[in-house]
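Readers should treat all values here as calculations from the given coordinates under stated rules, not as data from a laboratory. None of the values given here were measured: they were computed from a predicted structure. Cβ placement follows ideal geometry from the backbone for every residue including glycine, while neighbour counts extend to all protein chains displayed.
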């Protein structure tokens, strides 16, 4: 299975990017998790949204098309998703109701320094995905609280219970993705 991982954070030592890397480790050996960087995607501009799109946008759309599923890790900014993530999803959601996001199985995870671990951002991300006809894995959810204490200097999860929870999430997500492709 090919999973395209998307971090909603551009920060060099992003907790959400570290969480995606940990998810790649937690995934089944038959699962390839590839991270897509959003930094080069320009702000959405309908004037640029023609048959020829900006190269970073086309690369993003192609990567989504080639993936069996998406795994999005979002930080929480002001109780919502970061603009960079919303912007990328806006580009990918075109044409409306018939985009590469339509029907693409998607997992949502988050990490935050707060006690809620980005749960409010997950709620907003679900709303965006509903609008783009993107099915998402709901139970169990995965929100990592106190993320500033969750990773070691190499970006690995320090708590065995958290690693186990992420392994369970990834196993359930992979099984659910398989049901979406039948």
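Expected output is a single nm value to one decimal: the length gained when fully extending between residue 153 and residue 102, i.e. 0.36 nm times separation in residues minus the C-alpha distance. What is it?
14.6 nm
If I model a spin label as a point 7 Å beyond the Cα along the Cα-Cβ vector, how far apart are those points for residue 12 and residue 123 in nm?
Between residue 12 and residue 123, the simple spin-label model gives 3.5 nm.
Sort out for me the Cα centre separation of segment 148-166 from segment 107-135, rounded to whole Å.
Centre-to-centre (Cα) distance: 20 Å.
Helix 119-131 versus the longest principal axis of the chain: what is the Cα-based angle in degrees, 0 to 90, to the nearest 10?
30
Based on DSSP H runs of at least 4 residues, each adding -39500 (n - 2.57), what is the mean residue ellipticity at 222 nm of the chain after dividing by all its residues, to the nearest 500 deg cm²/dmol? Numbers along the way, then the final one.
On the way: 5 runs with 68 residues, N = 182.
Using -39500 (n - 2.57) per qualifying helix, the result is -12000 deg cm²/dmol.
Over the Cα atoms of the chain, each weighted equally, I'd like the Debye log10 I(q)/I(0) at q = 0.12 Å⁻¹, rounded to two decimals.
-0.51
Suppose each label sits 7 Å from its Cα in the direction of the beta carbon; what would the residue 139-residue 52 distance come out to in nanometres?
5.0
In nanometres, what is the gap between the two model label sites at residue 160 and residue 87, each 7 Å from Cα along Cα-to-Cβ?
According to this spin-label approximation, the distance is 4.3 nm.
So, R0 is 35 Å and r is the distance between the beta-carbons of residue 79 and residue 35; what FRET efficiency does that work out to, to 0.05?
Working: r = 25 Å, r/R0 = 0.73.
For R0 = 35 Å, the calculated efficiency reads 0.85.
Calculate how steeply helix 15-26 sits against the longest principal axis of the alpha-carbon atoms of the chain, using the helix alpha-carbon long axis, and give the answer as 0 to 90 degrees to the nearest 10.
80
Subtract the Cα-Cα distance of residue 65 and residue 130 from 0.36 nm times their separation in residues, and report this length gain in nm to one decimal. Walk me through the numbers on the way to the answer.
On the way: separation 65, 0.36 × 65 = 23.40 nm, distance 1.82 nm.
Stretched fully, the residue 65-residue 130 segment lengthens by 21.6 nm.
Could you tell me the relative contact order of the chain? Use alpha-carbon pairs under 8 Å, at least six residues apart, and round to a whole percent. All intermediate terms of the calculation are to be shown ahead of the outcome.
Working: 320 pairs, mean separation 43.9, N = 182.
For the chain, the relative contact order is 24 percent.
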